[in-house]
Structures are given as C-alpha cells and as structure tokens.
Amino acid sequence: MRTGMVVLGGGIGRRIGRPVPKQFLLLGGKPIIIHVLEKVRAIAEIEDVVVTCPASHLEATQQLIENHRLGSRFRCVVGGGTRQESTYLGLEALGDGIDLAIIHEAVRPLVSTDDFRRLIETPDENVIYGIPIPFTVLKGHDHVEGLLERDELVNVQLPQKFDRARLLEAHRAARADGVEFTEDASLFFKYTGEPVRILPGSDVNIKITVPTDTVIAEAIYADLIGRRTR
Amino acid sequence: MGKVCVITGASQGIGRAAAIEMSKREDVDVVVLIARSADGLAGTVSAMGDRAKIHQLPYDLSDLDGIPSLVEDICREHGGIDLLLNVAGYADPRSLLDTTADNLVQTFTINVFAMLILIREMARFSDGRPAKILNVASTAGITPRPGWVAYAASKAAVVSLSATLAEELAGSGIKIYTISPGRTATELRRKLAPDEDPTSIMQPEQVARVIRTLLSDDELTLDGQNIIVRQQL
C-alpha cells in the first residue's frame, strides 16, 4: 500500500487575531508549518505530500518549502473555502497510485515523527488519534440542555490515516448533502460506517487556534528541545 | 564514515591552529580550509600532517553571493558538513570620527554577514544530520574597546546571533558554540594592539585546544553560551 499525505494549511487564521496566517507564525524561531513538514521529510514511506494553502499564500508556502529544502515530494495546491473543501482538494491532488492518505493540520506543529510512523505501522486502514477529555462537558448554550458522559467521548486529534478512495467517496457524499464536518473521522464514519481505530494521542500535540495556544506551544516546544529555563 | 570539518580563516592564527588540531582527531576524515590567501592555506596544510584529507578553498568571504554555492559544492563533494568553525575575522581599528562606512561594512561583512550566511546554508543542507558549529567572537564583543568600534560591535553581533541561532536550531540536531577569546597572539591582534609583545599573551594553539574539546562528541552541555577563553596569568 502506498501512502501520501495532505497537510491542511488552508486557513487564513482569523481566530488567532494576527494579520499573518497562523501556519506562518514562528514557533521557536521557525514557521509553524515547517515544524510539521520537517518531521514528514524524515519518513520516506510518505511518498507524496500535498500542502493546501490559500491562493494568496501559495507562493509564500512554496518559497518556504524551497528555503527549507524539503524536496520534490512536497508540493502546494490552492485549498478550498472550508476545511472540508481543502481536504477534498488535497485528497484529489495526491498522486494516482496513493492508496492511504494521512491527513494533518499545519497548525499542529508539535506532532512527532513517531506519531506519523505509528499511523503507518498500524495495520488498520482507518486510524486516528484520540485523548481522553479531562474536563466536564455539557450540552447547551445559554442554559444547560443535557448531559454528556465524558467517559464515552474522545478528544479527536490529527494526524489521521484513511483509505484514500473510501474517504474521497465519503467526501463526495457529504458534498452532495451539503454537510460540513470539522474533521475527517466524523465525516468518514458518518458516510461509510466502517470502523475507525483510535490510537492513544498525545497531550503535547495541541492545535494552535487562539493566541494563548502559541504561548502554550512555545512552552511545550522549549521543554521538548531541552531549552526550558525554569 | 568520518566527519567533515570546515574552517574559515584557516590561513593563519586561530584558524590555522584549529585546522592543525582538528586534523589530529581520529573521527575527522576531511578538513576543508577556507581563506582568501592561497599561500596562507598552503602554509596551514604544510603544518597539518597527512592523516585527514585536506581540501583547500581559497575564497574571499566578502563575496556573500557566492557563499551558497560554496557550501553546496562542499556538501556535494563530501556528503555534508559535520563541523563548521567560523574563525575568519577582519579588523581595521579606528576611532569613531575616523571610521568610514566602508570600514563598518567590510568589518560586518566578514565578521557577521558571511558567518550568518554560512550557517544558514549549512543548516539548509543539513537534512537533519547532527552537526556542531563554533563561532569565534571576542572579549571585545562584551566589554568596551575605545577605538575598535566596528570590530567590537561586530563581535557583539556574533555573540548575539550565536545565542539566537542556538535556540532556533536547538531542535534540528545542530549545536552552536561561541567562544570569546581574550588577547591572542594573531595577525589580527597585531593590528589591534601593535605594540604588544605576542609572547606575553595567549597563543592560538591554546584556543584551538578549547575548540577541539568543545567540538568533541562528548561535549553536549556548553552550546548556546558565550564561553570566555582567557589565559589566566
């Protein structure tokens, strides 16, 4: 089975509150997206890497790939208007012979090379990472409307691995229905009903969404590379 | 497979002494010597012995545009760089009112800009290969030196850029070391202090032994710091 990868770098990043898309913000002096791509570079089994990005940042992303000498496996395509659309376009852009697709987000820079390797080495075709939810969650907006059992829930993380053809079919079905999902395990499960294996994820593999996340990520990164000062 | 060691400023002084010292290391197979002076490089080679393969590269580091292809050529020929010693230095001491723009630019070009570009290109071609870089700053970069404004400021920049890059490259497998030698009997020192008796101060060989220690595989804790190297009298 041949493996490819879609790296979602398509968001403009409005929620982070800064003019630069968050995948270009620096973490430990290096663009966030490069933290991800450098780890992928180390894994030869990932034969084709498609980075989706906004049209306005296509050139900048290509330049980063060139500056960091990531090699010919890495290429950029323009993403879509939504995360789901970007994933779909990335999946379509992968090379013809790619059977398994790993999906990752550019804004999860603290992913490890081992996280990718474990996905590849797990024999199941559809595999995600998940971690327990350590806090209480309830249904509701202004008022409590219902209870949820956190023991039955999982905090879904990326990267994830799927049978590429089946995931594309699921995407097409979701597009036909006009339904948007926030990640692909939900979409895949909804439209295929096929089993999706959950591997234990990592507390450090956080997603950078709001400004506080960058502060947390800097602290985690400093710890990971042995530069913690306290 | 032995290590590839690249040394700038290898035609004299600390660079030459470091080349001789590094060529004695059993784990270094290739020593690439860079300096403007081909004659100076030849003098270094004649003092190095024949254990390691020596590659002489006469090159003027003030040509910043040529540095990327210089590094690429080295990496292509030798498979990469394991140890980079940025020793090349320039000094033309002048008082503030006598300092020219050319003096400032030339000093910073050799002492700072060329060093930065060499490091950038090495990092670009490292492909995750573990490596060590050693930058030679100076005690002039951390204490006032009236009359040496360009040189002292450039060495302060070396201390700063080294500390910054040690952090930035910390996760890449590349360690950055900085040494700030005090008074050392080199040609450059003769420009800065022409009346000084060179036999009364630290010798380049003493600094080279410190460099060899820092660049050994056993040394894993002193990167990212500005290490003062002084002869205690």
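Would you confirm whether or not the range A:201-220 contains a residue that is within 14 Å of another protein chain (Cβ to nearest Cβ), farther than 21 Å from A:Thr122 by Cα, in a helix (DSSP H, G or I) and in contact with a strand residue (DSSP E or B) (Cβ under 8 Å, 6 or more places away or on another chain)? Among the residues of the range A:201-220, at least one is within 14 Å of another protein chain (Cβ to nearest Cβ), farther than 21 Å from A:Thr122 by Cα, in a helix (DSSP H, G or I) and in contact with a strand residue (DSSP E or B) (Cβ under 8 Å, 6 or more places away or on another chain), which makes the answer yes.
Look at the range A:29-46: where a residue is within 11 Å of another protein chain (Cβ to nearest Cβ) and a partner is β-branched (Val, Ile, Thr), sitting 6+ places away or on another chain with Cβ atoms under 7 Å, you get A:Lys39/A:Val111; A:Lys39/A:Thr113; A:Ala42/A:Thr113.
Of the residues B:Ser154, B:Ser160, the single one that is polar (S, T, N, Q), within 15 Å of B:Ser180 (Cα to Cα) and surrounded by 22 or more Cβ atoms within 10 Å (Cβ to Cβ) is B:Ser154. Is it the case that B:Ser69 is farther than 27 Å from B:Gly128 by Cα and among the small types (Gly, Ala, Ser)? When the stated conditions are applied, B:Ser69 does not pass them.
Only a single criterion out of (1) within 14 Å of another protein chain (Cβ to nearest Cβ); (2) over 21 Å from A:Val20 (Cβ atoms) is not satisfied by A:Pro109, namely (2).
For the residues A:His104, A:His57, the requirement of being of a type outside the set (Lys, Arg) and modelled with pLDDT under 95 singles out A:His57. When restricted to residues that are within 27 Å of B:Leu96 (Cβ to Cβ), more than 14 Å from chain A (Cβ to nearest Cβ) and not in a loop (DSSP other than H, G, I, E, B), the range B:128-180 contains 18. Among the candidates A:Asp184, A:Asp151, the residue that is on the phi < 0 side of the Ramachandran plot and surrounded by fewer than 12 Cβ atoms within 10 Å (Cβ to Cβ) is uniquely A:Asp151. Taking the criterion of being surrounded by 13 or more Cβ atoms within 10 Å (Cβ to Cβ), of a type outside the set (A, V, I, L, M) and in a loop (DSSP other than H, G, I, E, B), the residues of the range B:36-53 that qualify are B:Arg36, B:Ser37, B:Arg51. Which ones in the range A:50-108 are in a loop (DSSP other than H, G, I, E, B) and farther than 19 Å from A:Glu38 by Cβ? Residues satisfying the conditions are A:Pro54, A:Gly79, A:Gly80, A:Gly81, A:Thr82, A:Leu94, A:Gly95, A:Asp96, A:Gly97, A:Ile98, A:Asp99.
When residues in the range B:68-96 are screened for being free of Cβ contacts under 8 Å to residues at least 60 places away in the same chain, crowded, with 16+ Cβ neighbours inside 10 Å and touching a Lys or Arg at 6+ places or on another chain (Cβ under 9 Å), 1 of them pass. Against the test of being in a helix (DSSP H, G or I) and within 12 Å of B:Ala88 (Cβ to Cβ), the options B:Gly66, B:Gly15 yield a single qualifying residue, B:Gly15.
Taken over the range B:83-127, the criterion of being hydrophobic (A, V, I, L, M, F, W, C) and within 14 Å of chain A (Cβ to nearest Cβ) is satisfied by B:Leu116, B:Ile117, B:Ile119, B:Met122, B:Ala123, B:Phe125. Applying the set (1) acidic (Asp, Glu); (2) out of contact with any helix residue (DSSP H, G or I) (no Cβ under 9 Å at 6 or more places or on another chain); (3) under 21 Å from A:Glu85 (Cβ atoms) to A:Glu152 leaves exactly one unmet item: (3). Taking the conditions (1) of a type in the set (Asp, Glu); (2) over 19 Å from A:His68 (Cβ atoms); (3) crowded, with 18+ Cβ neighbours inside 10 Å in turn, B:Asp195 satisfies each one other than (3).
The values are calculated or read from the model by the stated rules, or taken from the named source; none is laboratory data. Owing to the predicted nature of the structure, the values given are computational and were not obtained by experimental measurement. As a convention, Cβ positions derive from the backbone with ideal geometry for all residues, glycine included, and neighbour counts pool all protein chains shown.
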